[in-house]
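Every read-out reported here was derived from the displayed coordinates using simple, explicitly stated rules and does not represent laboratory data. Just so it is clear, the structure is predicted and the values come from calculations on it, not from any experiment. Don't worry about glycine lacking a Cβ; one is built from the backbone with ideal geometry, like all the others, and counts go over all protein chains shown.
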Amino acid sequence: MKKIMVVDDDPENNLSLKAGLEDIDKNFEVFCAESGEQCFQLLSEKKIPDLILLDIMMPEMNGWEVFGKLKNNLEWKKIPVIFLTARSDHIAKNAGNFLGDDYIEKPYELEELKDKINKTLNKLSEM
Amino acid sequence: MEDRKLMIIDDDPDTLIILKTVFEYVGFTVIVADDKSKCISELEKGFRGVIIIDINVPYLNGWNTLNDIVSNGYIYGNRLIILSSEKNPDKRIEEFSEYIDDYVIKPFDVEYLLNSVKKSLLSINNLNEVTA
């Protein structure tokens, strides 16, 4: 099973994304964090995913801050991050593609998201 | 290891956090300043490195900040990169041209800005070697 953590402040979106991803690929096991703080709480409890889907626009700690904190930690820095966001402006897309393993704009097709997750996971397993 | 210090002066929190994340990711020590007093305070404490400053920000008053950096002598040991939303630079820029390495128009590509900062840093380090 491939564990995927979704970090997004919209609980409804998280529920439907979890259901959708686990349905479209039986190899996915999805768990969710509704904030950056909750993401780090889960990581501290050793709930380490194979990949993180990270929203950018979140209150308190936004996606950039979450990314920075992840990459600053020796244990968590290797976890691949795909930005999953409604932001379509140039700077966000450009920086997101530079920093992350991929950048996907909402709304997205579930099939496309599944393919990009698998592509990222496969790329890493080949390294 | 070379000293990779960067100060980003902008009043837009979104630009600040994005640039801070990008530059820290590639190994820079980053200071962000969203107003003139924070910027001057860091320079007084001895900041030396590359300074990215957005000059088209009404609240921050980039030109005023730039003038204070230069007229108070804080420019020495530092290099400047200007961020602007104006395609054609204001003629006031000529007063500071000897300290400016690049004029980058928003929206920009982070990789371009990264390369520009690296070039500036190289010129500071080369100068330090010559004067050491």
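At a threshold of 8 angstrom on Cα-Cα distance, excluding pairs fewer than six apart, so keeping six or more, what relative contact order does segment A:54-127 reach in percent? Relative contact order for segment A:54-127 comes out at 26 percent. Considering chain B as a Gaussian network with a 10 Å cut-off on Cα pairs, which listed residue, B:Leu16, B:Leu121, B:Leu80, attains the greatest mean-square fluctuation? Maximum fluctuation in the GNM of chain B, among the listed residues, is at B:Leu16. Across peptide B:20-29, the average count of Cβ atoms from other chains found within 10 Å of a residue's Cβ is 4. Couplings for segment A:51-64, taken from phi via the Karplus curve 6.51 cos²θ - 1.76 cosθ + 1.60 with θ = phi - 60°, read 7, 10, 9, 10, 6, 9, 7, 10, x, 6, 10, 7, x, 5 Hz in order; Gly and Pro are left as x. Straight-line cross-link reach from A:Lys106 at under 15 Å between alpha-carbon atoms covers these aspartates and glutamates, not counting any fewer than eight positions away in the same chain: A:Asp8, A:Asp9, A:Asp10, A:Glu12, A:Asp55, A:Asp89. One decimal place: the segment A:Ile48-A:Leu124 gains 25.8 nm when fully extended, by the rule 0.36 nm per residue minus the C-alpha distance. Assuming a ≥ b ≥ c are the square roots of the Cα gyration tensor eigenvalues, decide whether segment B:5-131 counts as rounded (a/c under 1.5), prolate (otherwise, with a/b larger than b/c) or oblate. Judged from the Cα gyration tensor, segment B:5-131 comes out rounded (a/c under 1.5).
Once you keep just the Cα pairs under 8 angstrom separated by 6 or more residues, what percentage relative contact order results for segment A:2-120?
Once normalised by length, the contact order is 24 percent.
Close amide-amide hydrogen proximity is noted between A:Ala33 and A:Val6, A:Val7, A:Asp8, each under 5 Å apart and 5 or more residues distant or on a separate chain (H modeled in the peptide plane; Pro and chain starts excluded).
Taking a straight line from the alpha carbon of B:Lys5, these lysines sit under 17 Å away, with near neighbours fewer than eight places off in the same chain left out: B:Lys20, B:Lys38, B:Lys45, B:Lys118, B:Lys119. Each Lys and Arg Cβ is given +1 and each Asp and Glu Cβ -1; about its Cα centre, segment B:30-132 then shows a dipole of about 100 debye. Rounded to the nearest Å, what's the spacing between the alpha carbon centres of segment A:22-87 and segment B:66-132? Just the number, please. Computed from Cα coordinates, the inter-centre distance equals 36 Å. For chain A, modelled as a GNM with alpha-carbon contacts under 10 angstrom, which of A:Leu99, A:Leu74, A:Leu54 fluctuates the most? Evaluated over chain A, the most mobile residue of the options is A:Leu74.
Shielding of B:9-18 by partners, i.e. mean partner chain Cβ atoms within 10 Å per residue?
Mean shielding by partner chains, rounded to a whole number: 3.
Shielding value for A:87-97 is 4, the average number of Cβ atoms from other chains within 10 Å of each residue's Cβ.
Short-range pairs are left out: with C-alpha atoms under 8 Å and at least six residues apart, the relative contact order of chain B is 23 percent. Under 5 Å between amide hydrogens, built in the peptide plane, is the criterion, and for A:Met57 it picks out A:Gly63, A:Ala86 among residues at least 5 positions away or on other chains.
Shape verdict for the protein assembly as shown, please, from the Cα gyration tensor: rounded (a/c under 1.5), prolate (a/b greater than b/c) or oblate.
Working: a/c = 2.49, a/b = 2.15, b/c = 1.16.
Note, shape of the protein assembly as shown comes out prolate.
Distant-in-sequence amide contacts of B:Arg4, defined by a placed amide H-H separation under 5 Å and a gap of 5 or more residues or a different chain, comprise B:Thr29. Computed from backbone phi, the HN-Hα couplings of segment B:27-40 come to x, 7, 8, 10, 10, 10, 10, 9, 8, 5, 5, 5, 4, 5 Hz, rounded to whole numbers (Karplus: 6.51 cos²θ - 1.76 cosθ + 1.60, θ = phi - 60°; Gly and Pro given as x). Stretched out straight at 0.36 nm per residue, the stretch from B:Asn67 to B:Ser123 would grow longer than its current Cα-Cα span by 18.0 nm. With all pairs of different C-alpha atoms in the average, the Kirkwood value for the hydrodynamic radius of segment A:2-120 is 14.1 Å. Taking 0.36 nm per residue of separation and subtracting the current Cα-Cα distance, fully stretching the chain between B:Asp90 and B:Glu44 would add 13.8 nm.
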